[in-house]
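Have a look at the structure below before the remarks.
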Amino acid sequence: MNLYLDATLAAHRRGRFLIGLLDACALDDNGTRPHSGFIMMTGKEFQSLEPSQQSDWWLWCTLPGRVLLLLPPFRSGSVYHELDWTIKLSDGIADTEQPGIAQTVAFEVDQEVVATQGVSDRGAGHRWDDQRLNTRYFKAHSASGVFAVTCLPLWSIGLMDQPEAVASWLDVLDRVAGQAEELSDSYLNENVPHADLEPTDYTVMVCLYGWQLIAESALLEHLAQQTIPLVSLSQSEVSEGMSRLISNDFLTDAGLTESGLAALQASPYWDYALQLKEQSV
């Protein structure tokens, strides 16, 4: 299990504690994400991101071998607009008779998760004895990664002498995420995304290729009709993105051009496009 902390958390004393406890690595400030792995960041950090940035994280989690775990603190309210998860102050005292890290830090927990979508593994200590949730994860389908939240302070000093227990708790989510596909040497040497495009423009190309669409209206309709919301794009992101793709000769009335397809294949988003196409067959 390869553990990472986003740059903001890694720079905080809580992050430094986790790095020492779990031998985790800090991500670069430029926001580059690994091909696979287990990434942790605070709920407040994620909640403060722009919707398009949140969607990029959500899209990253759609491939196997990837986990994004949000840690406390959180803002009260919605976690992510595609899920019905909300964070609220605890109604009662957190308690569990089940041995584990949840029992160790229960007295420090003052928030809880309210959700119907997703799963909470009681055996892993994701629920308190009164059934209130301290942890929730969402796996879109059998071949996807995991998006998760926990109200357990994994950086608690009470866990300082329990690195194996914390790693074991994280491993439950890591195993749910499955195994990542291996990257070829040619993939590792591919070009970076085209400088004239926004990250959301690549998401547009992912959707056009994965769902085999051409028209803007068809893409917007498909986005609105998703049963499980794997991709989130606003109307303006779709419209402006397609305009930039056309300006760069990546898109025509016939669909993605050869250069557009080549740019997508040479980007970190190509795996997403293949995965989306497989799911739509």
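The values are calculated or read from the model by the stated rules, or taken from the named source; none is laboratory data. The model shown is predicted, which means the values in this text are computed figures rather than measured ones. Please note: Cβ atoms are built from the backbone with ideal geometry, for glycine as well, and neighbour counts cover all protein chains shown. We work out accessible area using only protein heavy atoms, side chains counted, and drop any ligands, DNA or RNA first. Shrake-Rupley method; radii C 1.70, N 1.55, O 1.52, S 1.80 Å.
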Original post:
Looking at the stretch 19-111, what strands (runs of 3 or more DSSP E) fall wholly within it and have at least 1 residues that are within 23 Å of Ala273 (Cα to Cα)?
Top reply: 37-42, 66-71
Original post:
Of the residues Arg33, Arg75, Arg66, Arg13, which single one is closer than 27 Å to Gly178 by Cβ, at pLDDT 85 or above and basic (Lys, Arg)?
Top reply: Arg66
Original post:
Here is a list of conditions, (1) more than 20 Å from Pro99 (Cβ to Cβ); (2) open to solvent by 50 Å² or more (accessible area, probe 1.4 Å); (3) acidic (Asp, Glu), and Asp161 meets all of them except one; can you say which number that is?
Top reply: (1)
Original post:
Would you pick out the residues in the stretch 139-165 that are under 18 Å from the mean Cα position of the chain (by Cα) and aliphatic (A, V, I, L, M)?
Top reply: Ala140, Ala143, Val146, Ala148, Val149
Subject >> Of the criteria (1) more than 23 Å from Val166 (Cβ to Cβ); (2) modelled with pLDDT of 90 or more, which one Thr8 fails >> reply: (1)
Original post:
Can you tell me which residue in the stretch 181-208 is modelled with the highest pLDDT, limited to those that are part of a helix (DSSP H, G or I) and open to solvent by 40 Å² or more (accessible area, probe 1.4 Å)?
Top reply: Pro199
Original post:
Residues in the stretch 162-180: is at least one part of a loop (DSSP other than H, G, I, E, B), at pLDDT 90 or above and touching a Phe, Trp or Tyr at 6+ places or on another chain (Cβ under 8 Å)?
Top reply: no
Subject >> Single unsatisfied condition, His81 versus (1) open to solvent by 40 Å² or more (accessible area, probe 1.4 Å); (2) touching a strand residue (DSSP E or B) at 6+ places or on another chain (Cβ under 8 Å); (3) not β-branched (Val, Ile, Thr) >> reply: (2)
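Within the stretch 9-38, work out how many residues are among the charged types (D, E, K, R), surrounded by fewer than 17 Cβ atoms within 10 Å (Cβ to Cβ) and over 23 Å from Leu159 (Cα atoms). Explain how you work it out, then say what you get.
So in the stretch 9-38, the residues among the charged types (D, E, K, R) come out as 13-14, 16, 23, 28-29, 33.
So of that shortlist, the ones also surrounded by fewer than 17 Cβ atoms within 10 Å (Cβ to Cβ) come out as 13, 16, 23, 28-29.
Among the residues that remain, those that are also over 23 Å from Leu159 (Cα atoms) are: 28-29.
Total satisfying the criteria: 2.
With the requirement that a residue be surrounded by 19 or more Cβ atoms within 10 Å (Cβ to Cβ) and at negative phi, what does the stretch 121-131 give you? Steps first, answer last, please.
Just the residues of the stretch 121-131 that are surrounded by 19 or more Cβ atoms within 10 Å (Cβ to Cβ), to begin with: 124-128.
Of everything in the stretch 121-131, those that are surrounded by 19 or more Cβ atoms within 10 Å (Cβ to Cβ) and at negative phi turn out to be Ala124, His126, Arg127, Trp128.
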Subject >> Of all residues in the stretch 238-273 being open to solvent by 40 Å² or more (accessible area, probe 1.4 Å) and among the acidic types (Asp, Glu), the one that is nearest to Ser55 (Cα to Cα) >> reply: Glu240
